[in-house]
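Here it is, the structure, as structure tokens.
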Amino acid sequence: VPKKDLLSVSLPERHNWQDHVALKWSLMNVVVTQHELMCEDQQINFFDENGGHVTRWWKMQATFSDRLHLENMPFDRQLLRIQVVGEIPTYMMKFESLLATAGDLKTVDARKDRNLPVQWTVEDAPKVHLQVIKEDGEFSRARFDLHIYVERNPRFYTINVCLFVWLFTMGTGVAFTRGTGTYRDGHKKMDCLLTLLLTTVAYKIILAAWLPVKPYLTKLDCYLVLCFCFQVLVIAYVAFQDFWDAKAESILNKDGFLWQYGYEFGASWVYGTCFLGHLCLATMIHFDCKRGILRRESW
């Protein structure tokens, strides 16, 4: 039968596709326990004396693992990959990108908010694209990667972690209140400061449970450590307040400005500067500024 007169080509019912089309491939970075093949289909597009073209479709649901670079977290960008590798040598099977736009994801405007988890965004990210890896040698394995560029939305961590830890840190200002007319309400102040410190430590433990184990500090870790150190310094001051007061009494003139108002003035300057700095930082985050300390690294 001439090829031009054929309407369709199919295999006999008792034949298996694997006997005629040997495609063996696997997903390199898939979490095996969550891999599910939902449907599979194949179709012969054309054939001639030199060979033919078979199209196969796979629809699967899977969870993939990839290495995260969290140095700038929660202002980080991530390159996520889906890695597909052939299980037979390249002289038997190769991957080629047939379309220049292969890998672009189709999205529906009515469901834009469902395309990604809420903590990620792709507004400023490059489009998803497919990259075929060129392997040397006929006995090497064919491979291609699907690159997905995402950027973290920092508002969850800035509101649920940074905001509350900042409030705990500002709460240490209770150490600089006069109380009953003296600075010597040490026990009550110490109880309050230790409670705030333990609460900050609890936030650090919770944050460590949310993130993968890593041998470095993220920006969020550095912020929590700075708040922790600030609270420890305030506690140290309260613990040795009698010593500092005795030193000041031997140096300062009791009729001078520093003796009468230096205590409140110094505390107001430190906490006021801290408040204004955090207010500027919150404004930058609200308007999605990506400069200075909030600068994002390139993908």
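The values are calculated or read from the model by the stated rules, or taken from the named source; none is laboratory data. As the structure is a computational prediction, the values presented were derived from the model and not from experiment. Heads up, the Cβs are rebuilt from the backbone with ideal geometry, glycines too, and the neighbour counts pull from every protein chain shown. Heavy atoms of the whole protein, side chains included, go into the accessibility calculation; ligands, DNA and RNA do not. Shrake-Rupley method; radii C 1.70, N 1.55, O 1.52, S 1.80 Å.
Kindly provide the set of residues from region 70-90 that are part of a loop (DSSP other than H, G, I, E, B) and of a type in the set (A, V, I, L, M), ordered by number. Full working, then the answer.
Narrowing region 70-90 to residues part of a loop (DSSP other than H, G, I, E, B): 70-76, 90.
Selection gives LEU70, MET73.
Go through (1) under 24 Å from VAL132 (Cβ atoms); (2) surrounded by 13 or more Cβ atoms within 10 Å (Cβ to Cβ); (3) at pLDDT below 75 one by one and return the number of the condition VAL85 breaks.
(3)
Follow-up question, since we're still on this one. Contact list please: Cβ distance under 8 Å, first residue in region 84-99 and within 24 Å of ASP66 (Cβ to Cβ) and of a type outside the set (Ser, Thr, Tyr), second residue modelled with pLDDT of 75 or more and assigned to a loop (DSSP other than H, G, I, E, B), pairs at least six apart or on different chains.
VAL84/MET28; VAL84/PHE95; VAL85/MET28; GLY86/LYS24; GLY86/MET93; GLY86/LYS94; GLY86/PHE95; GLU87/LYS24
If you don't mind, there's one more thing I want to ask. Consider region 65-75. How many of its residues are under 13 Å from VAL150 (Cβ atoms) and more than 11 Å from the chain's Cα centre (by Cα)?
Residues that pass the stated criteria total 1.
I would also like to ask the following. Within the set of pairs 6+ apart or on separate chains, which have a first residue in region 46-59 that is closer than 17 Å to TRP25 by Cβ and surrounded by 10 or more Cβ atoms within 10 Å (Cβ to Cβ), a second that is hydrophobic (A, V, I, L, M, F, W, C) and at pLDDT below 70, and C-beta atoms under 7 Å apart?
Close Cβ pairs satisfying both conditions: VAL54/VAL21.
Looking for whichever is at pLDDT 85 or above and open to solvent by less than 60 Å² (accessible area, probe 1.4 Å) here; the options are VAL174, VAL132, VAL128, VAL201. Which one fits?
Working: VAL174 fails: at pLDDT 85 or above; VAL132 fails: at pLDDT 85 or above; VAL128 fails: at pLDDT 85 or above.
Every option except VAL201 fails the conditions.
Now for a different question. Quick check on my filter: what residues within region 137-153 are open to solvent by 50 Å² or more (accessible area, probe 1.4 Å) and part of a strand (DSSP E or B)?
ARG141, ARG143
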